[in-house]
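Peer 1: Please read through the structure below; I'll follow up with questions.
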Amino acid sequence: MLQQDSNDDTEDVSLFDAEEETTNRSKKSKIRHPVASFFHLFFRVSAIIVYLLCELFSSSFIACMVTIILLLSCDFWAVKNVTGRLMVGLRWWNHIDEDGKSHWVFESRKASPQEGKTVSEAESRIFWLGLVACPVLWVVFAFSALFSFRVKWLAVVIMGVVLQGANLYGYIRCKVGSRKNLTSMATSYLGRQFLRQTAGDTQTTSGE
């Protein structure tokens, strides 16, 4: 009877762990900020749709251009200041010190297991998919406008490439770190590999 009770206790613990693991997975896959996720895609997708279809519904180039630039500007502000911080815990910004020098800051929030501030996998996919795919489309539009001699649209397309490309570059810097950090990491890695190879050659020589 005692042995059976101990086995029951073991099974209860395993079931508890399984429930906790299932709960953690559901939290990671759940969209925690639906409004931010919606507006992360809304402005940039709307700008692309207006660019592709505006000539079918309006003959005014000025109205189309102003609408697209407004959507691109709203997208730039929302992605830079709101959606990146909420959806993936990244932020980039600029500040000017007392000497008048401009400094770019690229921040990445560290997840705290105790507070449960892990990044949602679903939101992360939505964020990076929209962040990467839309600038690529604007680059395609730029080449299309250039080769089809649609000069008046070239300025609008370049605006899309610049604004959305800036956010893409900023968040990639937040994700992978600054160039100095990458250089130091690569240097230290190559140094460790060289020391390992040297130590291995020394052991081989001494063994012979």
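Condition check ((1) modelled with pLDDT under 85; (2) closer than 18 Å to Val162 by Cβ; (3) within 11 Å of the chain's Cα centre (by Cα)) across all residues:
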{"site": "Val79", "(1), (2), (3)": "no, yes, yes"}
{"site": "Val82", "(1), (2), (3)": "no, no, no"}
{"site": "Arg85", "(1), (2), (3)": "no, no, yes"}
{"site": "Gly89", "(1), (2), (3)": "no, no, yes"}
{"site": "Trp92", "(1), (2), (3)": "no, yes, no"}
{"site": "Gly100", "(1), (2), (3)": "yes, no, no"}
{"site": "Val105", "(1), (2), (3)": "no, no, no"}
{"site": "Pro113", "(1), (2), (3)": "yes, no, no"}
{"site": "Gly116", "(1), (2), (3)": "yes, no, no"}
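Peer 1: Does at least one position in the range 118-135 carry a residue that is modelled with pLDDT under 90, part of a loop (DSSP other than H, G, I, E, B), within 30 Å of Pro34 (Cα to Cα) and more than 12 Å from the chain's Cα centre (by Cα)?
Peer 2: Checked against the condition, which is being modelled with pLDDT under 90, part of a loop (DSSP other than H, G, I, E, B), within 30 Å of Pro34 (Cα to Cα) and more than 12 Å from the chain's Cα centre (by Cα), the range 118-135 yields at least one hit.
Peer 1: Does any residue of the range 175-193 turn out to be open to solvent by less than 30 Å² (accessible area, probe 1.4 Å), modelled with pLDDT of 85 or more and over 30 Å from Glu55 (Cα atoms)?
Peer 2: For the range 175-193, residues open to solvent by less than 30 Å² (accessible area, probe 1.4 Å), modelled with pLDDT of 85 or more and over 30 Å from Glu55 (Cα atoms): absent.
Peer 1: For the range 35-60: of the residues being of a type in the set (Phe, Trp, Tyr) and open to solvent by less than 50 Å² (accessible area, probe 1.4 Å), which is farthest from Cys74 (Cα to Cα)?
Peer 2: Tyr51
Peer 1: Which pairs turn up if I take residues in the range 32-59 that are farther than 16 Å from Trp138 by Cα and look for partners that are in a loop (DSSP other than H, G, I, E, B) with beta carbon separation below 6 Å, at least 6 apart in sequence or on another chain?
Peer 2: Arg32/Ser120; Ser37/Ile31
Peer 1: Could you count how many residues in the range 144-161 are closer than 16 Å to Val45 by Cα, open to solvent by 20 Å² or more (accessible area, probe 1.4 Å) and in contact with a Leu (Cβ under 9 Å, 6 or more places away or on another chain)?
Peer 2: Residues flagged as closer than 16 Å to Val45 by Cα, open to solvent by 20 Å² or more (accessible area, probe 1.4 Å) and in contact with a Leu (Cβ under 9 Å, 6 or more places away or on another chain) within the range 144-161 amount to 1.
Peer 1: Further, regarding this structure: Restricting to the range 65-77, and then to whatever is hydrophobic (A, V, I, L, M, F, W, C) and in contact (Cβ under 8 Å) with a residue 40 or more places away in the chain, can you tell me which residue is surrounded by the most Cβ atoms within 10 Å (Cβ to Cβ)? Walk me through how you get there before you give the answer.
Peer 2: Start the filter on the range 65-77 by keeping residues that are hydrophobic (A, V, I, L, M, F, W, C), which leaves 65-66, 68-72, 74, 76-77.
Within this subset, residues satisfying the condition of being in contact (Cβ under 8 Å) with a residue 40 or more places away in the chain are 65, 68-69, 72, 76.
Working: Met65: 18, Ile68: 22, Ile69: 16, Leu72: 26, Phe76: 18.
If we take residues in the range 65-77 being hydrophobic (A, V, I, L, M, F, W, C) and in contact (Cβ under 8 Å) with a residue 40 or more places away in the chain, then Leu72 is surrounded by the most Cβ atoms within 10 Å (Cβ to Cβ).
Peer 1: Name the single residue, out of those in the range 123-143 being open to solvent by 30 Å² or more (accessible area, probe 1.4 Å) and in contact (Cβ under 8 Å) with a residue 40 or more places away in the chain, that is farthest from Val82 (Cα to Cα).
Peer 2: Among residues in the range 123-143 that are open to solvent by 30 Å² or more (accessible area, probe 1.4 Å) and in contact (Cβ under 8 Å) with a residue 40 or more places away in the chain, the one farthest from Val82 (Cα to Cα) is Leu137.
Peer 1: Looking at the range 13-31, is at least one residue open to solvent by less than 60 Å² (accessible area, probe 1.4 Å), in contact with a Cys (Cβ under 8 Å, 6 or more places away or on another chain), part of a helix (DSSP H, G or I) and modelled with pLDDT under 95?
Peer 2: Taking every residue of the range 13-31 in turn, none turns out to be open to solvent by less than 60 Å² (accessible area, probe 1.4 Å), in contact with a Cys (Cβ under 8 Å, 6 or more places away or on another chain), part of a helix (DSSP H, G or I) and modelled with pLDDT under 95.
Peer 1: Which condition does Gly89 not pass, out of (1) within 30 Å of Val151 (Cβ to Cβ); (2) in contact (Cβ under 8 Å) with a residue 12 or more places away in the chain, if it passes all the others?
Peer 2: Of (1) within 30 Å of Val151 (Cβ to Cβ); (2) in contact (Cβ under 8 Å) with a residue 12 or more places away in the chain, only one is false for Gly89: (1).
The values are calculated or read from the model by the stated rules, or taken from the named source; none is laboratory data. Everything numeric here is computed off the predicted structure, so don't read it as measured data. Because the Cβ atoms are built from the backbone with ideal geometry, glycine has one as well, and the counts that use them run over all protein chains shown. Keep in mind that these areas ignore ligands, DNA and RNA; they rest on the heavy atoms of the full protein, side chains included. Shrake-Rupley method; radii C 1.70, N 1.55, O 1.52, S 1.80 Å.
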